[in-house]
Amino acid sequence: MDAADLVGQWELVSMAEFDEDGRPQDGPLGPAARGRLYYGADGYMSVHLMRGDSEPGYIGYSGGWRLEDGRIVHRVAVSSDPSWVGGDQVRSAEMVRGLLVLGRRDGTFRARLAWRRLPVGDLGPG
């Protein structure tokens, strides 16, 4: 995978967190989370995730991005979680049947998000 494979806008297809035994669990955004992810050719990225129901819940950040040793590194400039600002969020990345699958591992915490590329010009619902 190279940078050109990632550039564009992506829509969240699925999001799962895993317990210590590897069983999938709903994350903090529930079973119907919605989201958008953007990777620019200029090295800028932005991700926004929200609950798909009427309950409050939001995770978002933006900044720079780069590929490093087969992983995607997001350098966080602004975030809904202030403790992430100035740090890196590192994600494993693979293409699986046309989906971009990003993984996060932090100690025993594991998460997997699958994204579908949106056509150029698709602004989504609204």
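Which whole-number percent is the relative contact order of the range 3-117 (Cα, under 8 Å, 6+ apart)?
The normalised contact order for the range 3-117 reaches 24 percent.
What spacing in nm lies between the two simple spin-label points modelled at residue 77 and residue 90, each 7 Å away from Cα in the Cβ direction?
Using points 7 Å along Cα→Cβ, the separation is 2.3 nm.
Find, among the chymotrypsin sites (Phe, Trp or Tyr not before Pro) in the range 60-99, those assigned to loop by DSSP (not H, G, I, E, B) with at most 16 other beta-carbon atoms within 10 angstrom.
Within the range 60-99, no chymotrypsin sites (Phe, Trp or Tyr not before Pro) qualify (loop, at most 16 other Cβ atoms within 10 Å).
In terms of the ratio Rg/(2.2 N^0.38 Å) built on C-alpha atoms, what value belongs to the chain?
So the Cα radius of gyration is 1.02 times the expected 2.2 N^0.38 Å.
What number do you get for the range 20-81 when its Cα radius of gyration is normalised by 2.2 N^0.38 Å, N = residues?
1.31
Values in this text are rule-based calculations from the coordinates and carry no lab data. What you see is a predicted model, and the numbers here were worked out from it, not measured in a lab. Neighbour counts are summed over all protein chains in view; Cβ atoms, including those assigned to glycine, are modelled from backbone coordinates with ideal geometry.
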